[in-house]
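Have a look at the structure below, then the notes.
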Amino acid sequence: MALRALGVLVGAIPGLGGTVAGFFAYVHAKQTCRNSDTFGKGDVRGVIAPESANDAKEGGSLLPTLAFGIPGSAGMAVFLGALTSHGVETGQAIFVNNLGIVYMLLLAILGAHIVAAIIGLSIAEKVALLTKIRPVLFAPILFLVCLIGSFALRNSIWDVFVTLGFGLLGYEMRKFGFSRIALLLGLLLGNMAEIAFRQTLMTQGGAMGFITRPLSLIILAATIASLLLPYFQALFKRRAHEE
């Protein structure tokens, strides 16, 4: 339940998308689950956590799309374009002039989840057979798809070289035990965090704005607590082993 709530929260923030929701959910599950050392080594909880958040973020991304006309994800950007092409205004106007569309969307999301659950449960046993295929057979196909996708984005061969470079970087980071998730989150959220930080400094007259407003203080405290949580967990585990 907490992972789905996290997915909804991330989805409600425009520009983040399912990638950030999945990484946040994975890190949260790894920090809170018992025996998390098996994550990344076949533990199914490491698959369920990000997929739960990724599935829930679509409902959250619908909120800024309808309420503010700001797409919460790539899919919602396409959906927003479809509404505009049919002359449907988002924001306050859609809740006044087209409230029926809002109710229809909510029912459609609910129905889609029910249908997806039925289909998923009915074919889960057959789909699970794919896990018996050796990863070495998938690797060349995935490698080729990644290269084609990077080139198709802007039709630039340099994007392919960037993909290869980050692939080598990820291999070395995994080899030496560095967190690749932290790097990806930094690349995805770094620019947004810098812009928001500068806006806060300009509008609040300095860094005091982070501690003078209750909501900012709560978020800051939660951020510090999330950073310190792994250290306290490691300390408690060490003491438990010593005893």
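The values are calculated or read from the model by the stated rules, or taken from the named source; none is laboratory data. Bear in mind the structure is a predicted one, so any value in this text is a computation, not a measurement. Cβ: placed from backbone, ideal geometry, glycine included. Neighbour counts: every protein chain shown. These area figures cover heavy atoms from the full protein model, side chains too; ligands, DNA and RNA do not enter into them. Shrake-Rupley method; radii C 1.70, N 1.55, O 1.52, S 1.80 Å.
Pairs of Cα atoms nearer than 8 Å and 6+ residues apart set the relative contact order; for the range 24-161 it is 11 percent.
In a DSSP loop and with at most 15 other Cβ atoms within 10 Å, there are no trypsin sites (Lys or Arg not before Pro) in the range 177-243. Measure off, as a whole percent, the carbon and sulfur share of the 1.4 Å-probe accessible area of the chain, all protein chains present. Whole-percent figure for carbon plus sulfur exposure: 71. For I219, the solvent-accessible surface with a 1.4 Å probe is about 100 Å², rounded to the nearest 10.
Taking all protein chains together, V20, V136 sort by accessible area into V136, V20, largest first [probe 1.4 Å]. When nucleic acids and ligands are ignored and a 1.4 Å probe is applied, M104 ends up with an accessible area of around 110 Å².
Once semi-axes √(5λ) of the Cα gyration tensor in Å is calculated for the structure shown, the corresponding label among (1) 26, 24, 15; (2) 32, 28, 22; (3) 31, 19, 15 turns out to be (2). Among the chymotrypsin sites (Phe, Trp or Tyr not before Pro) found in the range 64-124, those both in a DSSP coil and sparsely packed, with 14 or fewer other Cβ atoms within 10 Å of their Cβ, are F68. Once the 1.4 Å probe is applied to the protein heavy atoms, the range 98-148 comes out at 84 Å² accessible per residue.
Restricting the chymotrypsin sites (Phe, Trp or Tyr not before Pro) of the range 135-176 to loop positions (DSSP other than H, G, I, E, B) with no more than 12 neighbouring Cβ atoms within 10 Å leaves F176. Residue pairs exceeding 30 angstrom between C-alpha atoms, taken from K132/K175; K30/K57; K126/K175; K41/K237: K126/K175.
Diffusion of the range 101-181 by Stokes-Einstein, at 37 °C in a medium of 0.692 mPa s and with Rh set to the Kirkwood radius over alpha-carbon pairs, works out to 197 µm²/s.
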